[in-house]
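Peer 1: Here it is, the structure in full.
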Amino acid sequence: MQSSHNQIELKIKKSSKGKIFFADDFVKFGSPENIRKVLSRLEKEGLLERLTHGIYLVPKKDELLGTLYPTTEEIAVEIAKRDKTRITPTGALALYQLGLSTQIPLKAVYLTDGAQRIIEIGNRSIQFKKTVPRNLAIKDHLLMLIVQALKEIGQHKINESDLEKLKPFALQVDGEILKSQSKFAPVWIQKIITELRN
C-alpha cells in the first residue's frame, strides 16, 4: 500500500497543475481497491480533487478565484483521448463556442463513435450521444462547429445576424479542407457556407 501511495503521489506531484487524471491512469500501481484508497487519501491531503467518479484534478489555485476548474470541453476531450474515440460538440455548446450564444450550457452534448453515457460533474453534465460515422466525417474542428451550429439553429430559422456572426469563421476554414470535407454536411448547410465565403 505504502509503495502504491508513494508512486501515485510522485506521479501527481510531477504533473502540471490543472491536469486531469483518471483512476485508470494508475492501474500499474496496484489493485483498483488500493488505488481508490490512495486517491482518497491524496484528496484529503489536498493534492487531488475528485471531479466525479474516477476523474480527478490536480488543483490549480488562484489567489482571488480559488481552484480553477477545467471546462466541460477540456474534460470531454480528455475522456475521448483516454477512450480513443472521436467527439464533436453539438447544439448549444457549438453555438457558445462560436460566440453565437453567450449562455454557457450546463449540459454539454457531444456526438461520439464511443459509448453512449452521461457524466455528472457538480451542476454540469457531459452527454456523449452515439452517432453514425458519417456525422463525424468532418475532421476540421472549426468546420464541424459551423455545421453543428447551423443544424442547431435550423434551416428555416437562421437570420441575418446569425450569418454575420458565422461569416468570419466560414472565411477562416481552409479552402482545400472545405472542398474535401463540406460534402459530409447537409446540402443546405453547404450552400450557406459557400455563400458566406463569397
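Laboratory data are not the source of any read-out in this text; all were calculated from the coordinates shown. In this text the structure is predicted, and so the values were computed from the model without any measurement. Cβ: placed from backbone, ideal geometry, glycine included. Neighbour counts: every protein chain shown.
Peer 1: Taking the number of other C-beta atoms within 10 Å as the exposure measure, put 28, 60 in order starting with the fewest.
Peer 2: Working: 28 8, 60 15.
So the residues, fewest neighbours to most, are 28, 60.
Peer 1: Could I ask something else about it? For residue 179, which lysines qualify as cross-link partners when the Cα separation must be under 18 Å and same-chain residues fewer than eight apart are set aside?
Peer 2: In chain and number order, the partners are 139, 167, 191.
Peer 1: Take the Cβ-Cβ distance between residue 53 and residue 155 as r, set R0 to 35 Å, and report the resulting FRET efficiency rounded to the nearest 0.05. Each step should come with its number before you reach the end.
Peer 2: On the way: r = 40 Å, r/R0 = 1.13.
The value I calculate is 0.30.
Peer 1: Let me ask something else about it. Among the listed pairs 37/84; 28/84; 19/81, which have their C-alpha atoms separated by more than 21 angstrom in this model?
Peer 2: Numbers: 37/84 27 Å; 28/84 19 Å; 19/81 14 Å.
Table pairs above 21 Å Cα-Cα are 37/84.
Peer 1: From the C-alpha gyration tensor of segment 83-198, pull out the three semi-axes of the equivalent ellipsoid (sqrt of 5λ each), sorted largest to smallest, in whole Å. Walk me through the numbers on the way to the answer.
Peer 2: On the way: eigenvalues 118, 62, 24 Å².
They are 24, 18, 11 Å, listed from largest to smallest.
Peer 1: Next question, about the same structure. Just rank 134, 117, fewest to most, by other beta-carbon atoms within 10 angstrom. Please report the intermediate quantities before stating the final value.
Peer 2: Numbers: 134 8, 117 12.
The order, fewest Cβ neighbours first, is 134, 117.
Peer 1: Kirkwood hydrodynamic radius, computed over distinct alpha-carbon pairs, for segment 2-66: how many Å, to one decimal?
Peer 2: Values: mean 1/r = 0.0838 Å⁻¹.
It works out to 11.9 Å.
Peer 1: On to the next question. What area, in nm² and to one decimal, does the C-alpha convex hull of the chain cast on average over all directions? Please list the in-between numbers first.
Peer 2: Working: hull surface 53.9 nm².
Projected over every direction and averaged, the Cα hull of the chain covers 13.5 nm².
Peer 1: Another question, if that's okay. Using a 7 Å offset from the Cα along the Cα-to-Cβ direction at both residue 179 and residue 16, what is the distance between the two label points in nm, to one decimal?
Peer 2: For residue 179 paired with residue 16, the spin-label model returns 3.6 nm.
Peer 1: What net charge do the residues around residue 130 carry, taking every other residue with its C-beta under 12 Å from that of residue 130, with Lys and Arg at +1 and Asp and Glu at -1? Please list the in-between numbers first.
Peer 2: Numbers: positive: 86, 117, 129; negative: 113.
Local net charge: +2.
Peer 1: I've got another one for you. Classify segment 42-111 as rounded, prolate or oblate, taking a ≥ b ≥ c as the square roots of the eigenvalues of its Cα gyration tensor: rounded when a/c is under 1.5, otherwise prolate if a/b is larger than b/c and oblate if not.
Peer 2: Values: a/c = 3.05, a/b = 1.46, b/c = 2.09.
It is oblate, given that a/c is not under 1.5 and a/b is not larger than b/c.
Peer 1: Per DSSP H run of at least 4 residues, take -39500 (n - 2.57); add these up for the chain, divide by its residues and hand me the 222 nm value, nearest 500 deg cm²/dmol. If you can, show how the numbers build up before the last one.
Peer 2: Values: 8 runs with 89 residues, N = 198.
Using -39500 (n - 2.57) per qualifying helix, the result is -13500 deg cm²/dmol.
Peer 1: Next question, about the same structure. So how much slack lies between residue 121 and residue 187, counting 0.36 nm per residue of separation and subtracting their Cα-Cα distance, in nm? Don't skip to the answer; put the middle values down first.
Peer 2: Values: separation 66, 0.36 × 66 = 23.76 nm, distance 3.69 nm.
Extra length available between residue 121 and residue 187 comes to 20.1 nm.
Peer 1: Hey, another quick one. Once fully extended, how much extra length lies between residue 198 and residue 44, figured as 0.36 nm per residue of separation less the alpha-carbon to alpha-carbon distance? Please report the intermediate quantities before stating the final value.
Peer 2: Values: separation 154, 0.36 × 154 = 55.44 nm, distance 5.79 nm.
The span from residue 198 to residue 44 would gain 49.6 nm if fully extended.
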